[in-house]
Each structure stands twice: as structure tokens, then as C-alpha cells.
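To keep things clear, I will list the structure first and then write my remarks on it.
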Amino acid sequence: MKVKEVFGRADYALISELIPNRARVLDLGCGDGALLAWLKEQKQIQARGVERDRDLVQKAIARGVTVYQGDFENSLAEYPPGAFDYVILSQTLQEARRPLEVLEGMLRIGRHAVVAFPNFGHWRVRLAHLLSGRAPKTALFPHEWYNSPNIHFLTVVDFEELLARQRWAIEKKFFLAAGRDVRALPNLLAEVAIYLIRKSEAD
Amino acid sequence: MVVETQFARFDSLDLDCGETLHGVDVAYETYGALNSAKSNAILIEHAFSGDAHAAGVDHEGKPGWWDNMIGPGKAFDTNKYFVICSNVLGGCRGTTGPSSIDPSTGKPWGLRFPGITISDMVRLQKMLVDSMGIERLLTVTGGSMGGMQALEWAVAYPDSLESCIPIASTARHSAQQIAFNETGRQAIMADPDFNGGDYYGGPPPARGLAVARMVGHITYMSDESMREKFGRRLRNRDTFSFGFGIDFEVESYLRYRGSQFVNRFDANSYLYITKAMDYFDLSAGYPSLAASLERAVCRFLIISFTSDWLYPSYQSLEVVNALRARNHDVTFCELSSNYGHDAFLVDAGEQTGIIGGFLARCMKERRAPEVCR
């Protein structure tokens, strides 16, 4: 599930806040290129996308977005270091086979990374698991265990722990539930977490 | 709409082999109208056996080889764009080639025609485009050998094109591709009528050329498309003949295509053009493919097809990844098709949407004329 499916177009406004004019932007899993086309229009960015789904790639090309048909996990290696100002990964980190390598790759080719993911620590997920005794199924995680694209479940706490271990800096973070800001207890209340991160200065 | 093939003549053309051709003719066609800024011109490059007749119908009512892609409302929309297609150097459809008259002897060149390359073909096209007063093409595109020419344009004349669309193509032939071409050449040269290339005025090496074409046709299709089209069906019979006439549908088809080809193609052109394809290597003279592509400044749309085993996707990806390695503006899409290498000619549907969108963007985001190297 993509961020925009969770809270409408709020992610556009949010990502638009994060991304300055004329930035070089790579969107991993860019879908039909709607976000990139919108950022091109609004912010005159240099837009690049990666998308695995052939039909979506064709839609993105038809709307004039530069897109590479490929798997985002295996597509990062070709880009040169520092090729982008921002690399966006919206809502697919939990689908990656090697999430840490993906994040490392993003921060190799981009000065900043925007990472959004569904929070597995949300109280509904916890409750569903506790009460049913089954793999949790919620609006955010609607799949059965056997057909879910999600293979790495992470929470807000998990993600921040990883950032600390990697000594990556959090520049901004946002938490959302039902399209609204979550101000307290994000690991319990946030459905979606969005981080703007970079390597720390010492690196 | 009946289209006329036009002709241009150039005094001389310097070739990569070191020789110079004098009095070079080029056959070409155009569709649509050139705008006053001369910014909407598209150069279409034909594949190995194609010609200048890419769209519309000729006097015999024959549609162009890419008529499903070029025309009003089509991928290359002639309501918006001015489309040019010329027959390649070495061809036999109006442009100077081995069947043309050698001015120094008054006889057909035959194998005395100098060896040619893809970059020679492109150099001649550049002269044609210059003669039309077009400084920068909106795009240069083509499938197969046409894609090789498009890539050569991007590297040889980087300021002369806004974008490049190589389809089902490669930056260099693999051993397998060279091997198929060599098999075709050997079939032609083994024909007793070949006569060292001097068969003009007598019977052409029709059997050899037909066999070469049969091999070619197999490589243009896919296992799946052949299974669908022919399977093991017998041709006009229920039992085997226990002879060597035609038993199977596929035999009949290949024989037919082979014999038809002889009527429209010159065996010497087959030799010269396939050799030019085999010689082509975009990275020649550079340390790497990426280094050669560093010369390019245009945008790229690179298309391959899932079932194309003659020009497999990995060859397109080689170019795509060399461009991505320096974050060049390259779009890549592998379209789904059962038609094998032929897909670029017959599968217009999906190509239309993406090429239309890509061209509209290229038109809108044209580089300023001063943004030159």
C-alpha cells in the first residue's frame, strides 16, 4: 500500500515541503509517475523513477516521466554516488528482501533519503495479533500471511534503532494516522511514518 | 494518401574504410509538415531489409513498413511531426549501393563496392538532413539496425538531435548475431549464380538469397509465435509425403518468404549491410561503452521486447545501464510480446502510448539552441 492510498494527497503536500525547487529526485517504486509529474510541475525537479510493473511504467512514460523498468532493490547499484539530492521510497521498505542494503544504497546515491513505511507497532496491529492469535490483518496490513508482499515488519522504534546503529541522522520525521498528524506516542498511534534522513556529517 | 519517393544527390561521401564515393544518391520519403522553426522533424531509420517507404501507400498500393506507427494520430503523429525516412547506404531501393552503376566503369559495382559501416550510413543521412535546413531533429529512431543508427547519431552528432529511441537494438552484435549473418552470407556466396557478385544482367543468386532470408525469418520470430502460427500443421495434406517437398506449414511459409524476398532485395546489398551491422560497435575507439555514450546529450527512450531472442533485452540494458551510470536521462521499458524480434514492426499498440508521451515531452522540454557543447 502506498502512502497516498492511506491518506489521500496529503503525502504530496508533505513531500513537497521536503523537496526544494530544482532538486534531483529519484522515486523508487514510482508507480504511474504521478508524484514525479506533479513535482516536475510544481518544483521543476529533475525527475527519475524506478518501477517494476510494466503497465505502470508505460503510464509513467506516457505522461512524460523518465522511468526505468526494474526492481528497485536491484536498480540502485548502477547510479553513481551522489547522483540525487533526494531518493524517495514510499511504503515499500517492508517489501524489500534486504532493507538495510536498500537504505545504504539510497544514501549512497542520494544526499537525502525520504522513507515512508506502515508502522507495525500501531495499536490496532498489536491488538489484532493479541486477540486473534493470528498474523495480524488490519486496514494497513490487509493481506493474508501467504500472499502478503510484506516480508519485513518494522515499527517506528525498530527503524529509529537502526538509524542510530548506522549513525544516520534524522532531519525530519512525520507520523500520521487516518490522514492526520500524530503528535504523541508514535509507535503506538502512527499508521504511517515518514522520515527524512541523511548520513551524519562525520561520515 | 499516395506518397512519392524522392531523391537527393550528393557529390561525395567519405567512408570509414578510407575510400570516397562520388555521386551518391539517397532515396527518401517525408510525411507531415515541417514547422517554421524546423523543430518537429523526426528521422526514422529502417531495419536491415527495409527501405524509404515507411508510411502511407505507394503507387502500387503497398503500405509502408511502419505504417502502423507513422501517420495521423499514430505513435509518430504526422499531424504534429515531420517524419523523414531514407534508404540506407548500400541498399538496393534507390540509395547508392552495390547494384548501382560504378561511374568509373559504367557497370554495376558488385563486390567492387567499398565496404561500408553504420556510421557511413549515418554520415549520409546527416547530409540529407542538413540539406533540408534542419539543425536539430526532435528524435532519431528505429528498430534493430535502425536502432543502431539512432545510437550512432546520438554519439556522432550529439547536438543534432533532441532525443533518441532505439528499439529492439544493441550497441554491438554478439557472436550469435554475427553467426546468423554469416550463415546468410555463405548461403548467398555458395549459390552458383552468385558469380563473385557479378550476376547483374543474368540470373541472381536467388536460391542462396532465399535460404539466407529463411534463416533470417526464423530469428525474427519466437518459438511461441511459430507454435501459434504453424505448430506441426501439414500444408494441404493429411499424411507425410515421405519426400522432400513441402509437408509442414512452416516449410511453406519460409519458402514463400524466401522467394518473395528475391524479388525485392539485392544479394550484394545483403552482404554489405549485414557486414556493416556486424562491424558496428558504439564503443569502438573509446575505452568503454559508457565512455562513448558520454558524448551523447539527448534524452533516450529505449525499448525491448520480452520474446526477442535475436536482440535480447540484456543488450538494450547494456546501453541503459551505461547511461544510468552517469545519471543520464534514459527511460527504459521492456514491452511484453510473443512476436519475437518482429514485435517492433507488428506490435504498435503499446509502443504508441509511450512513444507519443515521450515525444510530447521532448517537444515541450527542448534544449535551448545555445545549450550546445
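The values are calculated or read from the model by the stated rules, or taken from the named source; none is laboratory data. In this text the structure is predicted, and so the values were computed from the model without any measurement. Note that we place each Cβ from the backbone using ideal geometry, even for glycine, and neighbour counts take in every protein chain shown.
Under 6 Å between Cβ atoms, at least 6 apart or on separate chains: pull out the pairs that start in the range B:287-307 with a residue that is assigned by TED's automatic domain parsing to the domain that holds B:His341 and within 15 Å of B:Val140 (Cα to Cα) and end on any residue that is among the aromatic types (Phe, Trp, Tyr) and not in a strand (DSSP E or B).
Going by the 6 Å Cβ cut-off, the qualifying pairs are B:Leu301/B:Phe358.
Could you list, in sequence order, all residues of the range B:302-328 that are surrounded by 18 or more Cβ atoms within 10 Å (Cβ to Cβ), over 20 Å from A:Asp71 (Cβ atoms) and within 13 Å of chain A (Cβ to nearest Cβ)?
B:His328
Is there a residue being in contact with a Pro (Cβ under 9 Å, 6 or more places away or on another chain) and within 21 Å of A:Asp71 (Cα to Cα) anywhere in the range A:171-192?
Taking every residue of the range A:171-192 in turn, none turns out to be in contact with a Pro (Cβ under 9 Å, 6 or more places away or on another chain) and within 21 Å of A:Asp71 (Cα to Cα).
Answer yes or no: is there a residue in the range A:18-39 that is crowded, with 20+ Cβ neighbours inside 10 Å and aromatic (Phe, Trp, Tyr).
Looking through the range A:18-39, none of the residues is crowded, with 20+ Cβ neighbours inside 10 Å and aromatic (Phe, Trp, Tyr).
Looking only at the range A:44-75, count every residue that is among the aliphatic types (A, V, I, L, M), part of a loop (DSSP other than H, G, I, E, B) and either surrounded by 24 or more Cβ atoms within 10 Å (Cβ to Cβ) or in contact (Cβ under 8 Å) with a residue 40 or more places away in the chain (or both) and tell me the total.
Total satisfying the criteria: 1.
Between B:Phe332, B:Phe358, which is assigned by TED's automatic domain parsing to the domain that holds B:Pro287, aromatic (Phe, Trp, Tyr), more than 23 Å from B:Trp309 (Cα to Cα) and surrounded by 15 or more Cβ atoms within 10 Å (Cβ to Cβ)?
The match here is B:Phe358.
Just to check your reading of the model, which residue among B:Gly115, B:Gly133, B:Gly142 is in the same structural domain as B:Leu301 (by TED's automatic domain parsing), more than 19 Å from B:Asn87 (Cα to Cα) and not in a helix (DSSP H, G or I)?
After applying the criteria, what remains is B:Gly133.
Identify the residue in the range B:350-366 that is modelled with pLDDT under 95 and in contact with a strand residue (DSSP E or B) (Cβ under 9 Å, 6 or more places away or on another chain) and, among all such residues, is farthest from the other protein chains (Cβ to nearest Cβ).
In this case the residue turns out to be B:Glu365.
Only residues that are part of a strand (DSSP E or B) and out of contact with any Leu (no Cβ under 7 Å at 6 or more places or on another chain): list them for the range B:23-63, please.
If the condition is that a residue be part of a strand (DSSP E or B) and out of contact with any Leu (no Cβ under 7 Å at 6 or more places or on another chain), then B:Gly23, B:Asp25, B:Ala27, B:Glu29, B:Thr30, B:Tyr31, B:Ile44, B:Glu45, B:Val57, B:Pro63 are the ones that fit.
Residue under question is B:Asp191, and the condition is that it be more than 21 Å from the chain's Cα centre (by Cα), surrounded by fewer than 18 Cβ atoms within 10 Å (Cβ to Cβ) and either more than 28 Å from B:His53 (Cβ to Cβ) or not assigned by TED's automatic domain parsing to the domain that holds B:Gly94 (or both); does it hold?
No.
Across the range A:130-141, what is the total count of residues that are in a loop (DSSP other than H, G, I, E, B) and surrounded by 10 or more Cβ atoms within 10 Å (Cβ to Cβ)?
Total satisfying the criteria: 8.
Of all residues in the range A:30-67, which are more than 11 Å from chain B (Cβ to nearest Cβ) and more than 19 Å from the chain's Cα centre (by Cα)?
Those that are more than 11 Å from chain B (Cβ to nearest Cβ) and more than 19 Å from the chain's Cα centre (by Cα): A:Glu41, A:Gln42, A:Lys43.
All but one of (1) surrounded by fewer than 18 Cβ atoms within 10 Å (Cβ to Cβ); (2) modelled with pLDDT of 95 or more hold for B:Ser104; which doesn't?
Among (1) surrounded by fewer than 18 Cβ atoms within 10 Å (Cβ to Cβ); (2) modelled with pLDDT of 95 or more, B:Ser104 violates only (2).
Quick one: A:Ala83 ticks every box in (1) surrounded by fewer than 22 Cβ atoms within 10 Å (Cβ to Cβ); (2) of a type in the set (A, V, I, L, M, F, W, C); (3) more than 8 Å from chain B (Cβ to nearest Cβ) except a single one, so which number is it?
(3)
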